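One structure is given below, encoded as structure tokens.
The values are calculated or read from the model by the stated rules, or taken from the named source; none is laboratory data. It should be emphasised that the depicted structure is a prediction, and the values quoted were computed from it without experimental measurement. A quick note on method: Cβ atoms are made from the backbone with ideal geometry, for glycine too, and the neighbour counts reach across all protein chains shown. Heavy atoms of the whole protein, side chains included, go into the accessibility calculation; ligands, DNA and RNA do not. Shrake-Rupley method; radii C 1.70, N 1.55, O 1.52, S 1.80 Å.
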Amino acid sequence: RGLNVNFGARYGWQSDVGDLNNFAPRAGFAYSPGRNGRTVIRGGAGIFHERVTEDVQRRSLLWDGSRLQELVFQDVSYPMTGINVSNALPNLVRAHGLVAPQLTQGSIAVEQQLVARTTVAVEYQHLSGKNLLRSRNSNAPVDGVRPLDAFLAIQQIESTASMTSDSLAVTLRGSAGK
């Protein structure tokens, strides 16, 4: 019964990304109007920063053009002679300015007890993300021709994607028996 409010914050950084602006405030509340406690209104919002996984760094180092290479040979005659792969390009690169993905989430819910041990809840939730990671082929064909025809895909990991989601959930909870 009554009102409960909470606030919080988190700060994080990743040394291999160089993104130091990751302050993430959060707040939430629960309110039960009236004296019987059969209705509860809950809400909360916050910012959440995701880590850029070590796998992104590991894969970009592995596929750097010297440790692992992927080459395309066209119109090949055998035996193949005079192949020079010293100027191989990487197959996976990290974009300059890579930053930690950021999610902003907010929700509000109303829960009502119908009878003993049975409640119904209605919850609305909004989620949006920016600076989300994606892979883009920087050697994709343009008008059917690759910019660097000796290579297939050169995947560039970028933090340029975004998303938005809204949802409404209705939940009925109860228990059978006495």
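Data overview
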quantity	calculated
Subset tally (residues that are surrounded by fewer than 16 Cβ atoms within 10 Å (Cβ to Cβ), at pLDDT 90 or above and either over 25 Å from the mean Cα position of the chain (by Cα) or not in a strand (DSSP E or B) (or both)) for the stretch 33-51	4
Meets criteria (modelled with pLDDT of 85 or more, open to solvent by less than 60 Å² (accessible area, probe 1.4 Å) and not in a strand (DSSP E or B)) for ALA169	no
Criterion (more than 20 Å from the chain's Cα centre (by Cα), more than 21 Å from ALA116 (Cα to Cα) and polar (S, T, N, Q)) met by exactly one of ASN4, ASN21	ASN4
Single condition GLU54 does not satisfy, out of (1) surrounded by 11 or more Cβ atoms within 10 Å (Cβ to Cβ); (2) under 17 Å from LEU98 (Cα atoms)	(1)
Residue satisfying condition, being out of contact with any Ser or Thr (no Cβ under 8 Å at 6 or more places or on another chain) and either open to solvent by 30 Å² or more (accessible area, probe 1.4 Å) or free of Cβ contacts under 8 Å to residues at least 24 places away in the same chain (or both), within set VAL110, VAL115, VAL120	VAL115
Selection count where residues are assigned to a strand (DSSP E or B) and touching a residue at least 12 places away in the same chain (Cβ under 8 Å), scope the stretch 143-155	1
First in the stretch 1-14 and over 19 Å from GLU111 (Cα atoms), second anywhere and in a strand (DSSP E or B) and among the acidic types (Asp, Glu), Cβ under 7 Å, 6 or more apart	TRP13/ASP19
Number of the condition not met by GLY97 [criteria: (1) at pLDDT below 70; (2) on the phi > 0 side of the Ramachandran plot; (3) open to solvent by 60 Å² or more (accessible area, probe 1.4 Å)]	(1)
Residue among ALA88, ALA30, ALA140 that is at pLDDT 85 or above, of a type in the set (Gly, Ala, Ser), over 30 Å from LEU20 (Cα atoms) and not in a strand (DSSP E or B)	ALA140
Any pair with Cβ under 8 angstrom, 6 or more apart, that starts in the stretch 156-168 at a residue that is closer than 27 Å to VAL120 by Cα and ends at one that is among the small types (Gly, Ala, Ser)	THR164/SER128; THR164/GLY129; SER165/SER128
Residue in the stretch 116-132 that is farthest from ASN22 (Cα to Cα), counting only those that are assigned to a strand (DSSP E or B) and among the hydrophobic types (A, V, I, L, M, F, W, C)	VAL120
Matching residues, the stretch 1-30, being of a type in the set (Val, Ile, Thr) and surrounded by 12 or more Cβ atoms within 10 Å (Cβ to Cβ)	VAL17
From SER159, SER135, residue being part of a strand (DSSP E or B), in contact with a Pro (Cβ under 7 Å, 6 or more places away or on another chain) and small (Gly, Ala, Ser)	SER159
